[in-house]
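The values are calculated or read from the model by the stated rules, or taken from the named source; none is laboratory data. The structure displayed is predicted, hence computed values, not measured ones. Because the Cβ atoms are built from the backbone with ideal geometry, glycine has one as well, and the counts that use them run over all protein chains shown. The protein model used for the area step is the full one, side chains on, heavy atoms only, and it has no ligands, DNA or RNA in it. Shrake-Rupley method; radii C 1.70, N 1.55, O 1.52, S 1.80 Å.
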Amino acid sequence: MATDPVARQRVVDALLLRFFEDDDPSEMLQDCQLTDRAFDGFGTLPGSDVGQAFTDRRALAATRVHRPLQAGICGTAQQGAESIVVSGGYEDDEDYGDVIVYTGQGGRDPDTGRQVRDQELTRGNAALVTSLTTGAPVRVVRGAGGEPKYSPTSGLRYDGLFRVEDYWSERGRAGYLVWRYRLTQLPLTEPTPPLAIPASRQPEGQQTPGRTKVTTQRIVRSTAVADFVKHAHDYTCQVCDIRLTTPTGAYAEAAHIQPLGRPHAGPDIAANVLCLCPNHHVLFDLGMLTIAADLTITSLAGGSHRERLREVPTHQIGREYLAYHLTHHAQPPAAHS
């Protein structure tokens, strides 16, 4: 063990966990100036392998693949989510293997495990939204209580990196508001984020960035539909009337109102697509901008926008899709403080 750095690190992690359970070991080591390049908690963990099995939550926490002994989400609203555990604890979870529709934390009775109140967009729930906005990958651990087809028969198993692609709120099976997240699995060859360095030190970067070939599955979107909507509005945002020009022509983005794919199953048709500038596309996807059936625009992010969404005779918006989006973003997101 003395010559094995991975084994030594695991022993140190186990001791820190035993005697300083509520503290972050990497932060403690940096505070003591015992290290100046510590793993920041995000992405592939040095010394861990996809498929690695753990007998229980304490063994899992000792390796830092998922640090909390009880919580299903590890992370903060400021930095994002490091990892989650999918183990069947929430009745609204859906596991399709390479796609997981994950239910946020909170609102359950500690004795019965039943949902007894609405969830809030705080703590781990807010952390997953931050991961969506930053694009940082999230480690996923599956437990024996999850979907049998994709879960271990006992204990827990590290199943690799996933990316948060969408989030929304809805009434769960018990009738209470829950926050849900769509995560998709990343290829095993996904580049690993670099180790963290002190914020005061400039990162070295790479003089000659490398390339990695990856294979992934994506929903096939109709280019013709997107082009039609953008042409119909002359590449002008329907929310703010800004038309961006580039050296090769105008630029706008086609935004689906009711998202495609599981579990939303929105159609890829013009009535379900908006022509937006990049800023308002992001705000719309995050629920910070909503549009009512009368086309009234509500923005929680500030900035200038039209009072009502602009339509043109050749492109009319399906009100049922606006209603779906509004329903799934009914509760305003909590501010990240």
* Within segment 75-91, which residues are within 19 Å of Gly146 (Cβ to Cβ) and surrounded by fewer than 20 Cβ atoms within 10 Å (Cβ to Cβ)? -> Ser87, Gly88, Gly89, Glu91
* For Ser151: the one exception among (1) part of a loop (DSSP other than H, G, I, E, B); (2) touching a Gly at 6+ places or on another chain (Cβ under 9 Å); (3) closer than 18 Å to Ala174 by Cβ -> (3)
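Can you work out which of the residues in segment 82-109 that are within 16 Å of the chain's Cα centre (by Cα) and either in a loop (DSSP other than H, G, I, E, B) or free of Cβ contacts under 8 Å to residues at least 24 places away in the same chain (or both) is farthest from Arg180 (Cα to Cα)? If you could, list the steps in order and put the result at the bottom.
Just the residues of segment 82-109 that are within 16 Å of the chain's Cα centre (by Cα), to begin with: 82-86, 93-95, 98-105.
Checking the rest, the ones that are also either in a loop (DSSP other than H, G, I, E, B) or free of Cβ contacts under 8 Å to residues at least 24 places away in the same chain (or both) come to 93, 98, 104-105.
On the way: Asp93: 8, Asp98: 16, Gly104: 6, Gln105: 10 Å.
Within segment 82-109, the match that is farthest from Arg180 (Cα to Cα) is Asp98.
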* To do: Determine if segment 12-30 includes at least one residue that is under 25 Å from the mean Cα position of the chain (by Cα), open to solvent by 40 Å² or more (accessible area, probe 1.4 Å) and at pLDDT 65 or above.
  => no
* Go through segment 256-270 residue by residue and tally those that are at pLDDT below 90 and open to solvent by 40 Å² or more (accessible area, probe 1.4 Å). => 3
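Looking at Val273, Val239, which one is closer than 20 Å to Thr133 by Cβ, open to solvent by less than 30 Å² (accessible area, probe 1.4 Å) and at pLDDT 95 or above?
Exactly one of Val273, Val239 is closer than 20 Å to Thr133 by Cβ, open to solvent by less than 30 Å² (accessible area, probe 1.4 Å) and at pLDDT 95 or above, namely Val239.
Quick one: in segment 284-300, of everything that is within 18 Å of the chain's Cα centre (by Cα) and surrounded by 20 or more Cβ atoms within 10 Å (Cβ to Cβ), which residue is farthest from Tyr167 (Cα to Cα)?
If we filter segment 284-300 for residues that are within 18 Å of the chain's Cα centre (by Cα), which is where we start, we get 284-288.
With the extra rule that they be surrounded by 20 or more Cβ atoms within 10 Å (Cβ to Cβ), the set shrinks to 284-285, 287.
On the way: Phe284: 12, Asp285: 9, Gly287: 9 Å.
Among those that are within 18 Å of the chain's Cα centre (by Cα) and surrounded by 20 or more Cβ atoms within 10 Å (Cβ to Cβ), it is Phe284.
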* Thr112 being modelled with pLDDT under 90, surrounded by fewer than 16 Cβ atoms within 10 Å (Cβ to Cβ) and either in a strand (DSSP E or B) or within 15 Å of the chain's Cα centre (by Cα) (or both) -> no
* Structure fact -> Ile100 passes all but one of the listed conditions (1) open to solvent by 40 Å² or more (accessible area, probe 1.4 Å); (2) at pLDDT 90 or above; the exception is number (1)
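Quick one: how many residues across segment 242-252 are surrounded by 21 or more Cβ atoms within 10 Å (Cβ to Cβ) and of a type outside the set (A, V, I, L, M)?
Step one: filter segment 242-252 for residues surrounded by 21 or more Cβ atoms within 10 Å (Cβ to Cβ), giving 252.
Then keep just the ones that are of a type outside the set (A, V, I, L, M); that gives none.
So the count comes out to 0.
This table checks each residue for (1) in contact with a strand residue (DSSP E or B) (Cβ under 7 Å, 6 or more places away or on another chain); (2) modelled with pLDDT of 90 or more.
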site	(1), (2)
Glu82	yes, yes
Tyr90	yes, no
Arg108	yes, no
Gly124	yes, yes
Arg139	yes, yes
Ser154	no, yes
* Residue list for segment 50-74, restricted to those being under 25 Å from Glu170 (Cα atoms) and open to solvent by 30 Å² or more (accessible area, probe 1.4 Å) -> Gln70, Ala71
* Determine whether segment 216-236 contains at least one residue that is surrounded by 10 or more Cβ atoms within 10 Å (Cβ to Cβ), in a strand (DSSP E or B) and at pLDDT 60 or above. => no
* Go through segment 271-328 and count every residue that is of a type in the set (Ser, Thr, Tyr), assigned to a strand (DSSP E or B) and either more than 24 Å from Leu121 (Cβ to Cβ) or without any contact (Cβ under 8 Å) to a residue 12 or more places away in the chain (or both). => 1
